[in-house]
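The values are calculated or read from the model by the stated rules, or taken from the named source; none is laboratory data. All values reported here derive from a predicted model rather than from experimental measurement. All Cβ positions, glycine included, derive from the backbone under ideal geometry; neighbour counts span all protein chains shown. Ligands, DNA and RNA are stripped out before the accessible areas are found, and what is left, the full protein with its side chains, is counted by its heavy atoms. Shrake-Rupley method; radii C 1.70, N 1.55, O 1.52, S 1.80 Å.
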Amino acid sequence: ATINDVAVAMVSHAIKCQLEYHAAILDNEFEVHIPGEVNITVPVHLSGGILRQGEQLGNKIGGFVSSVPLSCKDQDDPRERLRSISRRMQLEKKLPSPLISWHLARIIVQFSEYVSPQWALRAFNAKSVAV
């Protein structure tokens, strides 16, 4: 597992704890459902932090949305949650999503007088609950 996998596992656990806390408060008034998974947006540095010859400094950051589990078969085992998240992240890191999102962001900036940033965030966030 990578450091990013550990960070995503910690965030997913924090989200689960927060949802459980609020569910306990609201349980008397409402029926509360805690999902098994949530979407988290994961930022990716497309150059891997390496400045190649002829390139200029600058942020070349894309991202992808990962559906991460809030619980697993053994809910009390953080290692199992980390393994599950790491497997998903390894698969999703191989997809072209970060590069596509970076290009979309560049296009939106070029047409920013026609496209509002708020619209772009709503349209492309895939109902993410964290970044």
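Details
- Residues located in segment 66-81, provided they are touching a residue at least 60 places away in the same chain (Cβ under 8 Å) and buried (at least 17 other Cβ atoms within 10 Å of the Cβ): 68, 81
- Condition check for residue 106: modelled with pLDDT of 85 or more and open to solvent by 60 Å² or more (accessible area, probe 1.4 Å): no
- Looking across segment 85-107, the residues that are small (Gly, Ala, Ser) and under 15 Å from the mean Cα position of the chain (by Cα) come down to 86, 97, 101.
- One residue stands out in segment 1-42 among those that are of a type in the set (D, E, K, R) and assigned to a helix (DSSP H, G or I): the one that is surrounded by the fewest Cβ atoms within 10 Å (Cβ to Cβ), namely 20.
- For residue 82: the one exception among (1) under 14 Å from the mean Cα position of the chain (by Cα); (2) of a type in the set (A, V, I, L, M, F, W, C); (3) modelled with pLDDT of 80 or more: (1)
- Of everything in segment 20-71 that is modelled with pLDDT under 85 and β-branched (Val, Ile, Thr), the residue that is farthest from residue 8 (Cα to Cα) is 25.
- Odd one out for residue 127, checked against (1) surrounded by 14 or more Cβ atoms within 10 Å (Cβ to Cβ); (2) more than 17 Å from residue 10 (Cα to Cα); (3) at pLDDT 75 or above; (4) within 13 Å of the chain's Cα centre (by Cα): (1)
- For segment 82-99, residues that are assigned to a helix (DSSP H, G or I) and open to solvent by 90 Å² or more (accessible area, probe 1.4 Å) total 3.
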